[in-house]
1. B:Ile3 is checked against (1) assigned to a helix (DSSP H, G or I); (2) free of Cβ contacts under 8 Å to residues at least 40 places away in the same chain and fails just one. What number does that condition carry?
2. Here's a check for you: in region B:15-32, which residue that is in a helix (DSSP H, G or I) and facing another protein chain (nearest Cβ under 7 Å) is surrounded by the most Cβ atoms within 10 Å (Cβ to Cβ)?
3. Restricting to region B:4-14, name every residue that is crowded, with 18+ Cβ neighbours inside 10 Å and either under 18 Å from A:Ile58 (Cα atoms) or more than 7 Å from chain A (Cβ to nearest Cβ) (or both).
4. Of the residues that make up region A:32-54, is at least one surrounded by fewer than 19 Cβ atoms within 10 Å (Cβ to Cβ), more than 27 Å from A:Ser129 (Cα to Cα) and not charged (D, E, K, R)?
Amino acid sequence: MFEAIAFYLFAALTIGMFTITVMTSQALYALTAMAAGMIFISAFFFILGADFLGVIQIIVYTGAVMALYAFGMMFFDTTRTLVEKRENPRTIFLLGVIAATLVVFIVISPIISTHLEARYPIEAALGNSQAIGLILFTKFLVPFEVAAVMLLVAMIAGIVLAGKKMDKSLTLMAEEEIALMSAAQTKPESQEGAH
Amino acid sequence: MEITLAHYLVLSSVLFAIGLIGVMRRKNLLMLFFATEILLNATNIDRKSVV
């Protein structure tokens, strides 16, 4: 009975929050409603008995992904529409079709073959975290390490992209130097805009 | 009232529909990403409820 109450309550809350996210005109309301909806979705994971996944949902989705969106909204101007430059639309279309068919074949391949065996059956004695750890470090060890390397590459790429002006440190310079630097930067820009 | 698998499937499809409406409606790039996140979360609920 409690499960039914919890399910309906969190279902109503989640649907309400996501409806606010897609319908509102203010970006900050959408961001806040989105973060609330993520937390309410983790309640479903707890109801179904996947406590590890529920905690991961809160930490990763609400903590990392929504914080990233908040920073993106702070620093970037998303009101301008993007203009993409496509040099070869037919190649792009062909590659997209090939990739889509590959994905479809990969996903429906268990239907075609019936040779499926469970190699790591679920034992009742293990908890959620232990079972995930057992699989992650034995069967999926190579994808785990590859994902770690990919995260490292992404971090380094982010630092390189953001560190274009990193040779000047704003906290160590005096106030006059910062004013001089910003005046020198805006003067050529205003001259360019006048022409 | 028993909460069966069908309940979770209906909930997941409702959330997927909300995400789809968001993707079609939003012209801002960041709001489009929000709606895509909603789609992903709806399918995550589905995956966990089947197990």
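1. B:Ile3 satisfies every listed condition except (1).
2. Filtering region B:15-32 for residues that are in a helix (DSSP H, G or I) and facing another protein chain (nearest Cβ under 7 Å), the one surrounded by the most Cβ atoms within 10 Å (Cβ to Cβ) comes out as B:Leu15.
3. Matches in region B:4-14: B:Tyr8, B:Ser12.
4. yes
Readers should treat all values here as calculations from the given coordinates under stated rules, not as data from a laboratory. All figures in this text were calculated on a predicted structure; none of them were measured in a lab. We place every Cβ from the backbone using ideal geometry, glycine too, and count neighbours over all the protein chains shown.
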